[in-house]
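Please treat every number below as a calculation from the coordinates, not as lab data. These numbers were taken from a predicted model, which means no experiment stands behind them. As a convention, Cβ positions derive from the backbone with ideal geometry for all residues, glycine included, and neighbour counts pool all protein chains shown.
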Amino acid sequence: MENFGQVTSKEAYLKIESLDKSGKKRLIASGKVQALQPYEKTKLSLSTEIKPGPGAIEGEEIIITILDGKKQLSTFHPLTQA
């Protein structure tokens, strides 16, 4: 995680979900992101209950959401897992 801004960020919450073809969301992992100074980077370590392996999230869209409390700050939709 990196703060590309010129001001210190607030503590945030990161949520990673998968979205299957029927539109059902499934939480993959989530956790807090510490406040970051301008241009500061940090590594996140998140745990999941999804067992890794072939087909675990195959064909599902991944959605990454960053929140400040209940306010959604950013949402990313990387490429669908093939």
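Key figures
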read-out	value
Sites matching GluC sites (Glu not before Pro) across the chain that sit in DSSP coil, with at most 16 neighbouring C-beta atoms within 10 Å	GLU11, GLU40, GLU49, GLU58
Net length gained if the chain between ARG26 and THR8 were fully extended (0.36 nm per residue, minus Cα distance)	3.3 nm
Residues LEU46, LEU14 arranged by fewest to most Cβ contacts within 10 Å	LEU46, LEU14
Set of lysines near LYS24 by C-alpha distance (under 16 Å), chain-local residues within fewer than 8 positions excluded	LYS15
Calculated from backbone phi, Karplus (6.51, -1.76, 1.60) coupling profile of the range 2-15 in Hz, x at Gly/Pro	9, 8, 8, x, 9, 10, 5, 7, 8, 4, 9, 10, 10, 10
Per DSSP, loop trypsin sites (Lys or Arg not before Pro) in the range 1-37 with at most 15 further Cβ within 10 Å	LYS10, LYS21, LYS24
Chymotrypsin sites (Phe, Trp or Tyr not before Pro) restricted to DSSP loop in the range 1-67 with at most 11 other C-beta within 10 Å	PHE4, TYR39
In sequence order, calculated HN-Hα J values of the range 39-52 (Karplus, 6.51, -1.76, 1.60; Hz; x Gly/Pro)	6, 6, 10, 8, 9, 10, 10, 10, 9, 9, 9, 7, 6, x
